[in-house]
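What follows is a short report on a single structure.
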Amino acid sequence: MTEGRPAQSSLFNPRTRPVVPPIHQSVTYFLDDDAYKDIQAGGLDEIWYGRFRNPTVDVAAEEVRHLEEAEAAFMTASGMGAIATTLLTLLRAGDRVVAARQVYGDTRDLLVRDLPAWGFDVVQVDALDLDAWRTAVAGRPTRVVYVESLANPQLDLADLPALAEIAHAAGALLVVDNTFATPYSVQPLALGADVVVHSATKFLNGHSDVIAGVVAGRFDRVREVQRRVITLGTCLDPHAAYLVWRGLQTFELRLSRSNATARELARALAARDDVVRVRHPSLPDYERADVANRVLRRDGERVRAGAMVSFTVAGGDQRALQVMRSLEIGCEATSLGGVETLVSTPFNSSHFSLTPDERTAARIDDGMVRVSCGVEPSDLLIDDFLRALDQTS
Ligand SMILES: Cc1ncc(COP(=O)(O)O)c(C=O)c1O
């Protein structure tokens, strides 16, 4: 080493040994023989340029890898970055994607607008109809089967073991967006999925202060996606990665609290006459109870039913808006997974791009309110919703 030249820093400096990972802001790193070898071999074993790898981004990915019990994980610039980069990695021109109709609005736009324009064949089916999946994958060689483990916003729970079997029998890979359920409730890889994607913007980060995504799965598959991150430029910034890492330190605490609140809120809403339907996997009348029993992780007798609740008010979308606007604790805002309770109406936000008929086909009711439970005292939050319903009746 040249005199006066600083040593290349290690991830956690071995001399000062910080408890919290430093934010590695440097985009470039001193080159040595190993780095040159790595550059010439495709460049992902060593760290030498920030669009390829960054130590802080690696630290955040490692936390998610652990939660998903994956062989490997890699962070991306956003959830959409994770989804688009994964699909563009797995697909070849002309390939078919069979996807659930019940997906996040921008995922749907990617599937029905962008991918066909780029030459991919996309078929959407009802996530709950296994025969429809079987027919769609048989229609033409299928490369990817795509589903949200717990769908946004209907909270339809995917039968992941069955979908994995259908996908694999057709020679396709099962890609699962686990944003809504989170690995607290569902670990898709253990149930047969090949790749898991997330909007880490949501529950993984948990504080509504970062946009990020993550891809997890088998080492060679994640590596393939990482190579597309290099050419598509969908890498995560180290400051954002640090915030994801920090949020993940309280993941279990936050999720156990907000899951309990969601369970109580769902029960309180279901007792109301002016609420026509409540969707939450903890409720006795949850349509997918058999799947919930097989797919959701448990605490003893109880399934971990998630921190999202969707409910449908009598009076349609206009009343749903009024209810949402009468809340004092719940925040009228898009997104989900924060420590604050976030409430939205899909018809004018996440799913505005669907026509009313398309929303009905995707099982999004007229009058649906989507709630992402935060960590506020649950009694105050439930009172807030009951008061808002009373005020607007
Ligand atoms: C289920 C789901 N997947 C993906 C995304 C996209 O995530 P991001 O906003 O981080 O790109 C969202 C955003 O709301 C989502 O709800």
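Assigned to a loop (DSSP other than H, G, I, E, B), hydroxyl-bearing (Ser, Thr, Tyr) and within 21 Å of Phe180 (Cα to Cα): does that describe Ser393? Spelling it out, it is not the case that Ser393 is assigned to a loop (DSSP other than H, G, I, E, B), hydroxyl-bearing (Ser, Thr, Tyr) and within 21 Å of Phe180 (Cα to Cα). Residues of segment 103-123 include none that is assigned to a strand (DSSP E or B), buried (at least 19 other Cβ atoms within 10 Å of the Cβ), within 16 Å of the ligand (Cβ to nearest atom) and touching a residue at least 12 places away in the same chain (Cβ under 8 Å). Here Val175 qualifies as in a strand (DSSP E or B), of a type in the set (A, V, I, L, M), buried (at least 23 other Cβ atoms within 10 Å of the Cβ) and within 16 Å of the ligand (Cβ to nearest atom). Flag: Val197 matches the condition of being outside any loop (DSSP other than H, G, I, E, B), within 15 Å of the ligand (Cβ to nearest atom) and in contact with a helix residue (DSSP H, G or I) (Cβ under 6 Å, 6 or more places away or on another chain). Looking at segment 222-234, is at least one residue in contact with a helix residue (DSSP H, G or I) (Cβ under 7 Å, 6 or more places away or on another chain) and not in a helix (DSSP H, G or I)? Within segment 222-234, one or more residues are in contact with a helix residue (DSSP H, G or I) (Cβ under 7 Å, 6 or more places away or on another chain) and not in a helix (DSSP H, G or I). Scanning segment 208-233 for residues that are buried (at least 23 other Cβ atoms within 10 Å of the Cβ) and within 16 Å of the ligand (Cβ to nearest atom) gives Ala212, Gly213, Val214, Val215, Ala216, Val225, Val229. Taking every residue in segment 270-292 that is over 14 Å from Phe385 (Cα atoms) and pairing it with any residue that is of a type in the set (Ser, Thr, Tyr), at least 6 positions away or on another chain, the pairs with Cβ-Cβ distances below 6 Å are Val276/Thr312; Arg277/Thr312; Arg279/Ser310. Which condition breaks for Met75 when tested against (1) outside any strand (DSSP E or B); (2) in contact (Cβ under 8 Å) with a residue 60 or more places away in the chain? Condition not satisfied by Met75: (1).
Checking Ala82, Ala117, Ala93, Ala127 one by one, the residue that is touching a Leu at 6+ places or on another chain (Cβ under 9 Å) and hydrophobic (A, V, I, L, M, F, W, C) is Ala127 and no other. Exactly one residue out of Gly119, Gly105 is on the phi > 0 side of the Ramachandran plot and among the small types (Gly, Ala, Ser), and it is Gly119. Whether any residue in segment 336-352 is without any contact (Cβ under 8 Å) to a residue 12 or more places away in the chain, closer than 15 Å to Arg257 by Cβ and assigned to a loop (DSSP other than H, G, I, E, B) is what I want to check. No, segment 336-352 contains no residue that is without any contact (Cβ under 8 Å) to a residue 12 or more places away in the chain, closer than 15 Å to Arg257 by Cβ and assigned to a loop (DSSP other than H, G, I, E, B).
Scanning segment 126-167 for residues that are at pLDDT 95 or above, within 13 Å of the ligand (Cβ to nearest atom) and under 25 Å from Arg221 (Cβ atoms) gives Ala127, Tyr146, Val147, Glu148, Ser149, Leu150, Ala151, Ala158.
The values are calculated or read from the model by the stated rules, or taken from the named source; none is laboratory data. Bear in mind that the values here come from a model prediction, so they are computed numbers and not experimental data. Here the Cβ is made from the backbone with ideal geometry for all residues, glycine too, and neighbour counts use every protein chain on show.
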